[in-house]
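Q: Please see the structure below; I have some questions.
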């Protein structure tokens, strides 16, 4: 993380969960108040950032929050059940993608068997 001013995004599976601003992104990330929520995302969680002048931080952050509507910007730190629900929603997506991929591969194998082997 850079020690410069900018906007940062917490994401997982192409979903933006939080947008924040900081005059020093590295320092802010080390002290981040939503870090326990980010840990639940596990290996799927990512932090992206964009360096910009301090004078543009507030306006840019406000516009990004309006555009992306990240859920953690509008909530307090999640409690136990909120973290469990988040964990289930992330792993539910993983399972969904695995099942869809398996179905596509199975259908492709069936088509190959039906048209070429059968």
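Each value in this text was obtained by applying a stated rule to the coordinates, not by laboratory testing. Because the structure is predicted, anything quoted here is derived from the model rather than measured. Positions of Cβ are backbone-derived with ideal geometry, glycine not excepted, and every protein chain shown enters the neighbour counts.
Q: Using a 10 Å cut-off around each Cβ, can you sort 81, 29 from fewest to most neighbouring Cβ atoms? Let's see the in-between values first.
A: Numbers: 81 8, 29 17.
Placing the least packed residue first, the sequence is 81, 29.
Q: Nearest 5 is fine: what % of DSSP beta bridges in the chain come out antiparallel, could you say?
A: Numbers: 14 of 14 bridges.
Bridges in the chain are about 100 percent antiparallel.
Q: Can you give the angle from 0 to 90° between the axis of helix 54-68 and the longest principal axis of the chain, with both taken from C-alpha atoms, to the nearest 10?
A: Relative to the chain, helix 54-68 is tipped by roughly 30 degrees.
Q: How big is the Rg/Rh ratio for the chain, C-alpha atoms only, Rh by Kirkwood, two decimals? Kindly include the intermediate steps, with their values, before the conclusion.
A: Values: Rg = 19.7 Å, Rh = 16.6 Å.
Using only Cα positions, Rg/Rh for the chain is 1.19.
Q: Still on this structure, I have one more. Among 80, 44, 13, which one shows the biggest mean-square fluctuation in a GNM of the chain, springs joining Cα atoms closer than 10 Å?
A: Taking springs between Cα atoms under 10 Å, the residue moving most is 80.
Q: From the helices alone, meaning DSSP H stretches of at least four residues, give me the mean residue ellipticity at 222 nm for the chain, per-run term -39500 (n - 2.57), in deg cm²/dmol to the nearest 500. Spell out each step's value before the answer.
A: Numbers: 4 runs with 60 residues, N = 118.
The helix-only estimate for the chain comes to -16500 deg cm²/dmol at 222 nm.
Q: If packing is taken as the mean number of other Cβ atoms within 10 Å per residue, what is the order of 86-98, 104-116, highest first? Kindly include the intermediate steps, with their values, before the conclusion.
A: Details: 86-98: 12.5, 104-116: 9.7.
Going from most to least packed, we get 86-98, 104-116.
Q: Taking the number of other C-beta atoms within 10 Å as the exposure measure, put 58, 118 in order starting with the fewest.
A: The fewest-first ordering by Cβ neighbours comes to 118, 58.
Q: Students often check this: by mean Cβ neighbours within 10 Å, which of 65-74, 46-55 ranks highest, and how do the rest follow? Intermediate values should be presented prior to the final figure.
A: Details: 65-74: 14.1, 46-55: 12.6.
Top of the packing list down: 65-74, 46-55.
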